[in-house]
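Asker: The structure follows.
The values are calculated or read from the model by the stated rules, or taken from the named source; none is laboratory data. Every value quoted in this text rests on a predicted model; they were computed, and no experiment measured them. Don't worry about glycine lacking a Cβ; one is built from the backbone with ideal geometry, like all the others, and counts go over all protein chains shown. These area figures cover heavy atoms from the full protein model, side chains too; ligands, DNA and RNA do not enter into them. Shrake-Rupley method; radii C 1.70, N 1.55, O 1.52, S 1.80 Å.
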Amino acid sequence: MKYVIIYWSRYGNGKKLVDYLAGKLEKKKAEIQIFKTDEADPATMPEADMYVFSAPTEAFNIQKDMKKFMKKLKGMKEKKYGIINTHGMKKNCLHKMEKLLSKNEMAKVAGVDFQVGDGSKTGNGLMEDWKAKLDEFAGKL
């Protein structure tokens, strides 16, 4: 299976998640491409069996670069996707990410959110159960 992972990360928590996810998927002999939002063109996405989008919540919304990226996606009708959201409060933006991707008529497969706590600004803010949650998410992809 071929995966394309698009992410945005300010402090490194999101990067840690996508790197761990890629390692899990590689164990299944998957082909993986990882891009930051500024490294990929939303109008000409690489072909894949599954797309994964990972972004934090900032100012009660999807991080602005990821939001802009998702709005500019082209040619993604019926493509499968998974979404990851990190946030500092008990309110995630998975529903907002899903809404943007559904406008492109994409098909959601899985979503997972991670609340970050102390250490979030150093890339060490993920809660204790983050690997188990991400393992479960990877199993659905």
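Asker: Name the residue that is nearest to PHE114 (Cα to Cα), counting only residues in region 27-49 that are outside any loop (DSSP other than H, G, I, E, B) and among the aliphatic types (A, V, I, L, M). Walk me through it before giving the result.
Answerer: Applying the first criterion (outside any loop (DSSP other than H, G, I, E, B)) to region 27-49 yields 27, 31-39.
Filter again for among the aliphatic types (A, V, I, L, M), leaving 32, 34.
On the way: ILE32: 22, ILE34: 20 Å.
In this case the residue turns out to be ILE34.
Asker: Looking for something closer than 24 Å to GLY125 by Cβ and in contact with an Asp or Glu (Cβ under 6 Å, 6 or more places away or on another chain) - is there at least one such residue anywhere in region 22-36? Break it down stepwise before answering.
Answerer: Of the residues in region 22-36, the ones closer than 24 Å to GLY125 by Cβ are 22-25, 34-36.
Filter again for in contact with an Asp or Glu (Cβ under 6 Å, 6 or more places away or on another chain), leaving none.
The answer is no; no qualifying residue exists.
Asker: Output the residues belonging to region 1-40 that are of a type in the set (Lys, Arg) and under 14 Å from the mean Cα position of the chain (by Cα). Steps first, answer last, please.
Answerer: Of all residues in region 1-40, those of a type in the set (Lys, Arg) come to 2, 10, 15-16, 24, 27-29, 36.
Listed by number, the residues that qualify are ARG10, LYS15, LYS16, LYS36.
Asker: Would you mind finding the one in MET66, MET50, MET70, MET1 that is open to solvent by 30 Å² or more (accessible area, probe 1.4 Å), among the aliphatic types (A, V, I, L, M) and modelled with pLDDT of 95 or more? Give the steps one after another, and end with the answer.
Answerer: Details: MET66 fails: open to solvent by 30 Å² or more (accessible area, probe 1.4 Å); MET50 fails: open to solvent by 30 Å² or more (accessible area, probe 1.4 Å); MET70 fails: open to solvent by 30 Å² or more (accessible area, probe 1.4 Å).
None of the others qualify; the one that does is MET1.
Asker: Still on this structure, please answer the following. In this structure, is ALA43 of a type in the set (Gly, Ala, Ser), more than 15 Å from the chain's Cα centre (by Cα) and surrounded by fewer than 18 Cβ atoms within 10 Å (Cβ to Cβ)? Can you show your working first?
Answerer: Values: of a type in the set (Gly, Ala, Ser): yes; more than 15 Å from the chain's Cα centre (by Cα): yes; surrounded by fewer than 18 Cβ atoms within 10 Å (Cβ to Cβ): yes.
Considered against the rule, which asks whether it is of a type in the set (Gly, Ala, Ser), more than 15 Å from the chain's Cα centre (by Cα) and surrounded by fewer than 18 Cβ atoms within 10 Å (Cβ to Cβ), ALA43 comes out as yes.
Asker: Has region 53-74 got at least one residue that is within 14 Å of the chain's Cα centre (by Cα), over 17 Å from SER9 (Cα atoms) and not β-branched (Val, Ile, Thr)?
Answerer: no
Asker: Additional query: Does at least one position in region 5-26 carry a residue that is aliphatic (A, V, I, L, M), in a loop (DSSP other than H, G, I, E, B) and open to solvent by less than 40 Å² (accessible area, probe 1.4 Å)? Step through it out loud before you land on a result.
Answerer: Step one: filter region 5-26 for residues aliphatic (A, V, I, L, M), giving 5-6, 17-18, 21-22, 25.
Filter again for in a loop (DSSP other than H, G, I, E, B), leaving none.
Among the residues of region 5-26, not one is aliphatic (A, V, I, L, M), in a loop (DSSP other than H, G, I, E, B) and open to solvent by less than 40 Å² (accessible area, probe 1.4 Å), which makes the answer no.
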